[in-house]
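Below is one structure; the comments refer to it alone.
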There are 2 protein chains.
Amino acid sequence: MSARSGRVPEVVVRRLPVYLRVLEELNETESPIVSSQEIGRLTGISPGQVRKDLTNFGVFGKQGVGYRTALLRRELRRILGLDRLIPVGLIGAGHLGLAVARYDQERERRHPGGTCLMAIFDKDPQKIGTTVGDLVIQDVAKLEESLLALGIRILILAVPATEAQALVDRAIRLGVRAFLNFAPVSLKVPPGVVVHTTDVGLELEALAYYA
Amino acid sequence: MSARSGRVPEVVVRRLPVYLRVLEELNETESPIVSSQEIGRLTGISPGQVRKDLTNFGVFGKQGVGYRTALLRRELRRILGLDRLIPVGLIGAGHLGLAVARYDQERERRHPGGTCLMAIFDKDPQKIGTTVGDLVIQDVAKLEESLLALGIRILILAVPATEAQALVDRAIRLGVRAFLNFAPVSLKVPPGVVVHTTDVGLELEALAYYA
DNA sequence: TAGATTGTTAATCGATTAACAATC
DNA sequence: TAGATTGTTAATCGATTAACAATC
């Protein structure tokens, strides 16, 4: 989880998709306008926080009125870069990797646009060539050429802990700067590269404290 | 992600399993003693932070020397409650649920003790009765009696967003106070109940900002 | 206009870092 | 003892909250 050079705190960037989600769920006709209070109620984030977060990126509301739902939704998509196709790759077609792939394909079906899973890699010859949805699992040996050909900009890692670092290093060399890591290992990356790690083991052990 | 009444910040509790992991990976004979500097190097957390976090729970080191590896490991397990069996349940035997179950069974095989997945629930009659490792998938209709019988204290949710809140409410009524939620929805829980949500969709959208 | 809600500043809160006395 | 490292306090940093002027 490396900080990026930019000026907007990561904690703010992580809240933007939460705002976007409630805006996507709001009915356009019923709620053409939405207030920071309403967004706060739907997300559990304070209205002041919502307004402060948004002002990091510009002025989107009208005083005394609120935010135009459609406009704010569009702006958030633009800020996050989701107004364009963002090709995503996945390495590791084990149980977890396949689950994430299917989960994401379903998510894309419901909310098209933005991130799009475009390649799955594995090193197991038994898996290479088989399909997941409309994707064919590729040999990870061809990672470099495939990442470049598809313009992959986010890479999901669902591989054993021992293999994750080497794969990240290879992908960074090709210009990938954003990783979602499911391997139970903390990855070393240079400044400007962001890694979000989701580690079920660590989560359970932290929850044990409260259980 | 609700705050707990206790005095130790959640951000500290979340670092404890990270410390524990490096202590478990350290070779006892090679490193009978470990310094905060070494822990810091292995985790990417500053040595001062390591010491400060630990002093929330007591005095475990020796000035001028460091921490006895075995002792600190044992103390961290005790602090987190991992010195006793913590029964864990899982609802949802879809792709993601099954992947998490298998991932966790593998984790337990390698590091026995502490959290232990003891029940899997689903509502699909086709899945009920089938096995995952040595666990038989149970009917979620029997959630209440099974949670009580097994003494489940952490519940993992791998169900559709629409079903998560109702299931959390049922489990809270039975005394479950810790949840690991994979459903793409923010759950409302009373004070004293902790929910850690892992949402692949939100993660990807936040990463899009950096991609 | 009166009422409402934003954008923004100032105050508060909390976490991290720096630094060092204690002490092994 | 001399060197090293903890435990702890003070200083810094950053994020959240409160409050309100601007203005629709």
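The values are calculated or read from the model by the stated rules, or taken from the named source; none is laboratory data. In this text the structure is predicted, and so the values were computed from the model without any measurement. Glycine gets a Cβ as well: all are built from the backbone with ideal geometry, and neighbour counts include every protein chain shown.
So the values come out like this:
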item	result
Flag if A:Val50 is within 11 Å of DNA strand D (Cβ to nearest atom), loosely packed, with under 12 Cβ neighbours inside 10 Å and part of a helix (DSSP H, G or I)	no
Per-region count, segment A:41-61, residues near DNA strand C (Cβ under 9 Å from one of its atoms) and among the small types (Gly, Ala, Ser)	3
The lone exception for B:Leu180 - which of (1) under 22 Å from A:Phe179 (Cα atoms); (2) in a helix (DSSP H, G or I); (3) among the hydrophobic types (A, V, I, L, M, F, W, C); (4) under 19 Å from the mean Cα position of the chain (by Cα) it fails	(2)
Qualifying residue in segment A:76-88 (condition: more than 30 Å from A:Phe179 (Cα to Cα), part of a helix (DSSP H, G or I) and not β-branched (Val, Ile, Thr))	no
Pick from segment B:62-83, criterion without any contact (Cβ under 8 Å) to a residue 24 or more places away in the chain and not small (Gly, Ala, Ser), ranking: farthest from DNA strand C (Cβ to nearest atom)	B:Arg78
Test: residue in segment A:112-124 that is in the same structural domain as A:Ala171 (by TED's automatic domain parsing), among the hydrophobic types (A, V, I, L, M, F, W, C), more than 18 Å from the chain's Cα centre (by Cα) and surrounded by 15 or more Cβ atoms within 10 Å (Cβ to Cβ)	yes
Residue under evaluation A:Leu80, criteria (1) more than 12 Å from chain B (Cβ to nearest Cβ); (2) away from DNA strand D (no atom under 16 Å from the Cβ); (3) buried (at least 16 other Cβ atoms within 10 Å of the Cβ), criterion not met	(1)
Filtered residues of segment B:89-109 (kept if touching a residue at least 40 places away in the same chain (Cβ under 8 Å) and either outside any helix (DSSP H, G or I) or farther than 30 Å from A:Arg107 by Cβ (or both))	B:Gly89, B:Leu90, B:Ile91, B:Gly92, B:Ala93, B:Gly94
Residue match in segment B:90-102 (condition: away from DNA strand C (no atom under 16 Å from the Cβ) and either more than 14 Å from chain A (Cβ to nearest Cβ) or among the basic types (Lys, Arg) (or both))	yes
Where B:Cys116 falls short, out of the listed (1) outside any helix (DSSP H, G or I); (2) modelled with pLDDT under 95	(2)
Per-region count, segment A:61-88, residues more than 17 Å from A:Arg21 (Cβ to Cβ) and in contact with a Leu (Cβ under 6 Å, 6 or more places away or on another chain)	2
Sole exception among (1) closer than 27 Å to B:Ala183 by Cβ; (2) within 16 Å of DNA strand D (Cβ to nearest atom); (3) aromatic (Phe, Trp, Tyr) for A:Phe57, by number	(1)
Residues of segment A:3-30 that turn out to be more than 12 Å from DNA strand D (Cβ to nearest atom) and either surrounded by fewer than 17 Cβ atoms within 10 Å (Cβ to Cβ) or basic (Lys, Arg) (or both), as a count	8
Checking A:Gly40 against (1) in contact with a Pro (Cβ under 9 Å, 6 or more places away or on another chain); (2) surrounded by fewer than 17 Cβ atoms within 10 Å (Cβ to Cβ); (3) closer than 20 Å to B:Val185 by Cα, the condition it does not meet	(2)
Segment A:197-211 residues that are of a type in the set (A, V, I, L, M, F, W, C), paired with ones that are assigned to a loop (DSSP other than H, G, I, E, B) and surrounded by 20 or more Cβ atoms within 10 Å (Cβ to Cβ) (beta carbon under 7 Å, 6 or more apart)	A:Ala208/B:Leu82; A:Ala208/B:Gly114; A:Ala211/B:Arg153; A:Ala211/B:Arg177
Number of the exception - A:Pro17 against (1) of a type outside the set (Val, Ile, Thr); (2) away from DNA strand C (no atom under 13 Å from the Cβ); (3) over 22 Å from A:Val194 (Cβ atoms)	(3)
Inter-residue pairs, beta-carbon under 6 Å, first of a type in the set (Lys, Arg) and in segment B:42-53, second part of a helix (DSSP H, G or I), 6+ apart	B:Arg51/B:Ser36
